[in-house]
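Before any comments, here is the structure.
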Amino acid sequence: MRTDVPSIPSVLFSQRVISIQTANRYARLIEENQEDFVDGGCNLPDHWPEGFDKFNWLQTSVGDELVPAIQASLSELGYSRGFTCGCWASIYRPGEWIDSHQHSAHNAPLFITGSLCMKTVTGSKGLALGLDGVGAAWTWLPDNPGQLNLFTSNLIHATDTNPGPDSRISLNFDIYPDGIDALNYLIEDPKRYIYYSPEASVYSLPEYSLLDSERPPCIPTVSYD
């Protein structure tokens, strides 16, 4: 069982984990409900996602399928126990993008960052990765709805400008496999993070038992023709 994350910036996993139809359905749920969950905002003026630290989409019905998919993906990488995870939506309208950034830098502890494409637009290049360490020569991962990309949290990444006419939607993750200490995050910010244990098959804080009645309200599952 692995308890560390590689120090060299790299892609760890890239594979479709949900169907295109399911990704499209979740994209509609996100687009229709995002503003309610993050107090009226989707992206900040500089295109950074609003609400990434206020709400966790895995606490809704979206998580019923995605949490086991994330666990299965981590198991393929050798992380066979539970995980702590933050999950937020990025909705990029025509003309919007996100600048190059990384989720842990310098001597910060490493974890796993992820992006799951829900909806793409014609002409989008996808997710740009700075595998050279500085982002001077981008490597592009094309948008494929339902595809989960996991990479080290020190990997520089960005998107191109959405050429329109529709929104580009993704779910993004900061994942701490069991063995990487994230207990403080859970205790200090329970709205932002969930903990999943495959043994107990529950979302909870490690020191507490979160009953179904105590889980945050879920968005009803919606069927689209």
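Couple of notes before you dig in:
- Residue within the range 165-182 that is farther than 18 Å from residue 111 by Cβ, over 15 Å from the mean Cα position of the chain (by Cα), modelled with pLDDT of 80 or more and surrounded by 13 or more Cβ atoms within 10 Å (Cβ to Cβ) present: yes
- Residue in the range 76-90 that is in contact with a Phe, Trp or Tyr (Cβ under 6 Å, 6 or more places away or on another chain), of a type in the set (S, T, N, Q) and under 22 Å from residue 5 (Cβ atoms) present: yes
- Candidate set from the range 97-119 (those that are farther than 16 Å from residue 23 by Cβ and in a strand (DSSP E or B)); member that is modelled with the lowest pLDDT: 101
- Subset of the range 75-87 that is in contact with a strand residue (DSSP E or B) (Cβ under 6 Å, 6 or more places away or on another chain) and not in a loop (DSSP other than H, G, I, E, B) - its residue that is surrounded by the most Cβ atoms within 10 Å (Cβ to Cβ): 85
- Selection from the range 120-164 of residues that are within 17 Å of the chain's Cα centre (by Cα), outside any strand (DSSP E or B) and of a type in the set (S, T, N, Q): 120, 144, 153, 154
The values are calculated or read from the model by the stated rules, or taken from the named source; none is laboratory data. These numbers come from a predicted model, not from an experiment. We place every Cβ from the backbone using ideal geometry, glycine too, and count neighbours over all the protein chains shown.
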